[in-house]
Structure formats: C-alpha cells, structure tokens
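Remarks on the structure that follows.
The values are calculated or read from the model by the stated rules, or taken from the named source; none is laboratory data. Everything quoted here is computed from the prediction, not taken from an experiment. Neighbour counts run over all protein chains shown; Cβ positions are idealised from the backbone, glycine included. All accessible areas refer to the heavy atoms of the entire protein, side chains included, with ligands and DNA or RNA removed. Shrake-Rupley method; radii C 1.70, N 1.55, O 1.52, S 1.80 Å.
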Amino acid sequence: MSLHLSSPVTAIPGIGSLAAKDLRNLGVVSVRDLVLYLPYRYEDYSVVRPIGSLRHDDTVTVTGRVRQIESRASKNRKVTLTEAMIENESGEIKVTWFNQPYLEKTLRPGFRISVAGRVDSRFGGVRTIVSPVWEPAGDRVHTGRIVPVYGLSGTLTMRRLRGAIEHALSAAAELVDFLPAEIRDEESFPTRDIAIRNVHFPESRAELDAAISRLKFDELLVHQLMFAQVRKERAVRPATAIATDAEFLKSFVGSLPFPLTQAQRRSAWEIVKDCALDRPMNRLLEGDVGSGKTAVAAIAIAGVLRAGHSAAYLAPTEILAGQQHAALGRFFDGQPNCQRLALAVGESNDEGNSSQDSDHELLPTLSVGSSVGLLTASQAKIGSDSVTRKELLAAVADGRVRCLVGTHALLQQGIEIPGLALVVVDEQHRFGVQQRKALLDRKPAPHLLSMTATPIPRSLALTIYGDLDLSILDEMPKGRKPVATRLVFDRERAAMWARIVADIALGRQAFVVCPLIDPSDALGAKSVSEVAAMLKRTLPRTVRVGILHGKLPSDEKAAMIASFRDGAVDLLVSTTVVEVGVDIPNATVMVIVGAERFGLSQLHQLRGRVGRSDIASTCYLAPDGWSEDAKERLTAMTRTTNGFELAEIDLRLRGAGNVFGSAQSGFPDFRLATPADIPLMKKTRDVASRILVVDPELEGHPLLKEFVGRELDGVHLE
Ligand code: ADP
Ligand code: MG
C-alpha cells in the first residue's frame, strides 16, 4: 500500500491508535505532519569501527554477532540488567540494557546486529556500551549514520518515532517545490523533498547543512513575502488620523503618578505624531524590562480615546492581560486630572448610556478607567467589575467600552470593536504574523504599536520585521537601584533564606522561581512543589507561602497574583509564568532555583520582576549544577544588568541558540531560523523584493503564492 502525505499516521505500520494519540499531542496527525516534524538534534553514529580498535569515550557503531545474552536483577533489585557480548573478527564488546528483559527473547545468540553508543571502559576495564540503540545488521535507521533525535510524548519511544518517520518519508516526493528553480540553482540548494529527507536522515554533515540551509531559507523567504503582503495590504488602506490634542495629552501626562523619562517622552511623541497621519502606523517600541512601556502605550491610547475612537491592547498571557488592564485603569482613572479625560470622552460619547451605575452618578459621564474592558479565555471585565462575555461584547459594540485589553481571545472571530484606530501588541514576538494580521485586517487600518522587551539591535529588527519604525526606551525611570545579583551555592542557602525572612519581616515580598512544577527524577531539578514544601517546613510560620504555575486553572492563577499584589502572600514559589511583564513593585527579592537551566535572556527577564521601585532589590541565582557554559552565563548576570549587553553575550555563547528564549515562547514565526541567521535573513529579504518587483502578485509563482496565502490564513500545510 502506498503512503500519501494526506494519509493519517495510522496508515504507517506499527502506528496504532495509542501511538497516534501521543503523536497528536505533538501536533502530528497526518503523514505530512510527520514528515515535517523535525529533529531537534542529532547523534553522530556514522563512525563504524572494528571492535578491536575501540577506546574509552568513542561514539561509534559496531556490527557483530550476539555471542551470549542474559538478564538478571541488579544488586538492589530495582532494575533488570540485560547483558550481551557482541563479537566480530576483530574482537568482542559488552553491551548493557536496563529494564528491557524482552531483548533476551529478541536478540538470540547468533543474531547479527548493529549497536551504536558511547564506549565506556570504567567498569572493571571491560569495554562496555551502555544502553545502545540497536537494529538488525544491514539496517541503517538507528545506527551507522547521523541519527535524528526528536521530541517525544507519552509512551512513544524514540525507536518507534524514528522508524515511523523513516517510513513516512516514502511520501516525501509529493512535497511541492515552491522555490523558483533559478533561485534554487543560484544557491545550489537541494529540492524541497530532498532537503526534508536529508534533514531527517542525512548521509553526511554537508548534506545536513545543505538541507537545513534550504529549509531555513524557505521559512525566511515565506516570512518575508508574508510581511510584504501584509504591508502592502495595510499601506494602501487609509488609517484614521488621530488629531493631536496637545493640551489634553499634556494634562494626561501630568496626571500620571510619576514624571516621564526623556525616552518615554520622545517615544510617546513619535507615536502620537504617527497616529496623526492618515496612513497606518507600524512602529516597534523597544525597551528593557521595567523601562515603562505601559505608560507610553497609555498615552497613545488616551489620545485615541480623546479623539472618540477605540483601542485594543493585546497581551500574551492572562496574567499580563489582567495586570495591564488594571494598570491602564489606574492611569486613566485614579488621577486628579482624570475628570478632564472623563469629560473629554463623554463629549464625544452618547450621554445617554453613561451613568447606569449609580456609583458614577456624581461624575457627568463614565470615567475612562472604569470602562476599560478585559477579555481573556476565562475572564470578562468592565473596569473592575466581572461581567459575562456577552455583556462585555455588547458594551464594546455600543461604544461604552472603547479600550479593550485581552489575550488571544481578542483575535477570535466575531469580536467587533467599532472605531478601532489603534492596536497595541505587548511582547509582540509572542504573536505570529497571522495573529497580528487578524486584528489589523480591517478598514480603515488601525495604527499598530508593537512592544518588546527583547533587546534587538536596530539593524536586526529592521531585517526581521522589515520596514517598521523604531522607538527605543534606552533610559530607566529615575531612582531605580540596580538589582544586586548574587550567586548562592549550597552551603550559603540557609543564610540566604534567613536574609529573605528578615526582608519579609520588613514588609517586602519575594519571588522564588523553579524550573519545574512537580518533582522529576529524570531532570534532577528542583520543582515548585518540592521547594514550596521545603519552605513551609523550614521557614517561620509567619511567612505566607503561595504557589503559582501554568497548570493551575486561570482563576486560581489570577487569584494568587492578586493575593501577592495585595500583600496577602509574602513569598511566591512559581514557575516561569511570572517571567513576562509581571509588575509588583513591593517584591524586592528574586530567587532563581536551578538557575543553570535558564538562558540569559530568561534570567534577565526574571530578574526584571524586581527592582521596580526605589527600594534596593536582590536577585539570588541558586544553581544546582555548574557547567562551564552555565558559569559564564551566571557570572555575566552578576556583572551587568544591561539587557543589550546580556543579549550580545548570549548570542556569542550560544551561537545558534537564541536571544529570544525558548523556541516556542520566543520566536514563533520561525521553526528553524534563529537570530543567528541574520545573513540568511538579509538574503531572503533581497530575494523577496527581487521576486516582488517583477511579480508583485506572485501570479508567475503560483506554488509560492499558494503557500504564502495558506501560511497567512494560518493553515500550515507544509
Ligand atoms: P515594561 O517596560 O517592562 O513594560 P512597565 O510599563 O511595567 O515596564 O513599568 C514598570 C514599572 O515602572 C511600573 O510600576 C510603572 O508604573 C513604573 N514606571 C513607568 N514609568 C515610570 C517613570 N517614568 N518613573 C517612575 N516609575 C515609572
Ligand atoms: Mg510590559
């Protein structure tokens, strides 16, 4: 039976409904998905050597006959050991497997197999390969080559998945090659199907490199074309020109609880000027954690509301959406001059619907702050009042709520925001082009303000995002004390907790971030539940410990953040859910447990959760282990608090690793390309514009057009 890209994975021999379920968790449903499920690393087992020549630490494949094989219980009876001797003309070697007693039945003496792994001669001088992969001699899926390693799920084994992908690749010839042949030739790229085959099972490093380059090129080119498309669609659309009411803006800025920094002033002005034009703004506001981007966005939003239009604010997580909703509410509401804003909005609003709530009778109209809406998957609010989703949408539809903050929930079909003139996208790299497009695709085109705390050098930003305008907050609010950063080793931990207890007694609060939610032997890392249990046992009763992680229901998450913000919890043990943007100025201590497991950008983001007031803050990095690489990263953290500097160190240390944090959370537009691929990004930009100059509608490139169109619609076919 022949396999097609459109066949379900169960068409592959050995993939039953159980394996199919595990695959579905990986986003793999069809043979096509499987073929496009790429390895995250490789094992080089291509060195095939005679057994006689093997030395300690060699990573090799050897082929020979099973001479003897038997299983026994280990000394502590916890595991079953299966030990075999493999021999060929040049000698013999021992191999050991754990908890696979069935191998004794499968690998009978005399059977010829290939095994691959690392040779270890520390076991009484006997050369042994521990837990090798194996296959019948002559097969080359798991041994004797550069072998792909994939992310797994459930009970799916590497062996099973690798075998299934190898099988699925028989359908790869159906992959269309959308790259114009002349470009393929120019770059000496393999065709797309060959690139896909070789990215899984390359015959050599050179072949692998060529395959990866080709696939990165495809990804970046399609991305550039998508950008070009979105840009073009937006450019020809008129935008709503927001008349600048300088006097009003001045008084709004005066009502903020702090004087703006020069950088905030300059950026806000650049944004306000852009919004005054009748073509859509496309601006990126870049500023390190804590540089005060929210206030800048608030000024732009205030201007839009004043002019009688609406604004949407998109945040990547529920926690952040809730926090930014509250922050905007405070900026618009709590200040003495707010009456002006309230009046201003009232003037351009229908007076009739403004005072249904008796609390507001005193005010001539609803104040803006109390009419900022919040929409997430689990919450709907108008001001601080919870409402039903339906009530909120009705209020948005009839203009009572003209500033709507939310998560991805804002992108759903059927959410109409009349008069939408400004879209703010916070932590914009968390959203794909398609998602941003969903909000922007309307007439007149809304102005777009993207914001990011990722310190991307200007040149790189232009390369990745194309022709956008850039505002940079290169200045921290006054009075901030740099966060003191300390490395804490095991023997110093007790003293650290004692100091933290003393801080808490002074009314401060502390974050304790752990790499995992639950204990996991496999990773040997500290988890939220272990650390919280340990702290509850050892710290004084008066210290109130809270727990926060991504698996909690979102109302519990919100409630925990609220108790921490309100001071009802002193010490919050959490996963990295607190990473992005959480703003709790009274928290002055950040402890990062298992700090060696985090990348520099993530450590920097986490540290940015403290040092948000004029009180001195401390960040404790408590590593569990200490590799060379980790040492450099953690000492870099103690040396500088400058995000740009750290990003550069990160880029140097990790090369292909990335400035943007982990693959899923950081750089969703790309599966393969990383910021280290700047030269390739530049090249694809040039190629994209070369294609579009002669063929702006891609009529002459139908395969490419179809592919780009589908990607833009969010249907990832290939
Ligand atoms: P980010 O740029 O990381 O999004 P926020 O907008 O959350 O930063 O601001 C961080 C904190 O600094 C907030 O508590 C905010 O109210 C405060 N803040 C912002 N601008 C200033 C300023 N000019 N002076 C003092 N504090 C400020
Ligand atoms: Mg922020």
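Placing +1 on each Lys and Arg Cβ and -1 on each Asp and Glu Cβ, with no other charges, gives segment 573-651 a dipole about its Cα centre of roughly 220 debye.
Using helices alone, I'd like the mean residue ellipticity at 222 nm for the chain: each DSSP H run of four-plus residues gives -39500 (n - 2.57), total over residue count, nearest 500.
Values: 24 runs with 264 residues, N = 718.
-11000 deg cm²/dmol, from helical runs alone.
With kT/(6 pi eta Rh) evaluated at 10 °C and eta = 1.306 mPa s, and Rh the Kirkwood radius from Cα pairs, segment 186-245 diffuses with a coefficient of 112 µm²/s according to Stokes-Einstein. In terms of the mean number of neighbouring beta-carbon atoms within 10 Å, the peptides 697-704, 559-566 order highest first as 559-566, 697-704. Tell me, what is the 1.4 Å probe accessible area of ASP44, in Å² to the nearest 10? Spelled out: ASP44, probe radius 1.4 Å, area about 50 Å². Modelled spin labels at SER17 and HIS56, positioned 7 Å past Cα toward Cβ, are 5.3 nm from each other.
When peptides 151-163, 262-274 are sorted by average Cβ neighbour count within 10 Å, with the highest value leading, the order is 262-274, 151-163. With a Cα-only, solvent-free Debye model of segment 217-262, what are the log10 I(q)/I(0) values at q = 0.16, 0.17, 0.33 Å⁻¹? With no solvent term, the Cα-only Debye profile gives -0.68, -0.68, -1.08.
Could you state the number of Å between the C-alpha centres of segment 153-196 and segment 469-530? Going from one Cα centre to the other spans 44 Å. Each residue, PHE258 and ARG41, gets one label point 7 Å from its Cα in the Cβ direction; the gap between the two is 4.1 nm. Cross-link pairs exceeding 18 Å in C-alpha to C-alpha distance, out of LYS250/LYS273; LYS216/LYS683; LYS390/LYS557; LYS381/LYS557; LYS273/LYS443; LYS381/LYS437, comprise LYS390/LYS557; LYS273/LYS443; LYS381/LYS437.
Restricting to segment 484-640, what percent of DSSP beta bridges are antiparallel, rounded to 5? For segment 484-640, the DSSP antiparallel bridge percentage is about 5. Packing, taken as the mean count of other beta carbons within 10 Å per residue, orders the peptides 109-118, 172-181 from highest to lowest as 109-118, 172-181.
Estimated at 0.36 nm per residue, the fully extended path between SER170 and GLN68 surpasses their Cα-Cα distance by 33.1 nm.
Quarter the surface of the alpha carbon convex hull of segment 25-166 and you get the mean projected area, 9.4 square nanometres.
Beta bridges from DSSP with both residues in the chain: antiparallel share about 45 percent, rounded to the nearest 5. With a simple spin-label model that places each label point 7 Å from the Cα along the Cα-to-Cβ direction, the separation between GLU186 and ALA241 comes to 4.0 nm. Entry for the chain at q = 0.07, 0.08 Å⁻¹: log10 I(q)/I(0) = -0.59, -0.76, Debye formula applied to identical alpha-carbon scatterers, no solvent contribution.
Full extension from LYS232 to THR10: what is 0.36 nm times the residue separation minus their Cα-Cα distance, to one decimal in nm?
Numbers: separation 222, 0.36 × 222 = 79.92 nm, distance 4.24 nm.
Taking LYS232 through THR10 to full extension adds about 75.7 nm, to one decimal.
Legend: translational diffusion of segment 97-141 by Stokes-Einstein, Rh = Kirkwood radius over C-alpha pairs, 25 °C, 0.890 mPa s; D = 207 µm²/s. In plain terms, if you count all Cα to Cα distances in segment 489-603 and split them into 10 Å steps from zero, the share in each step is 13, 48, 35, 4 percent.
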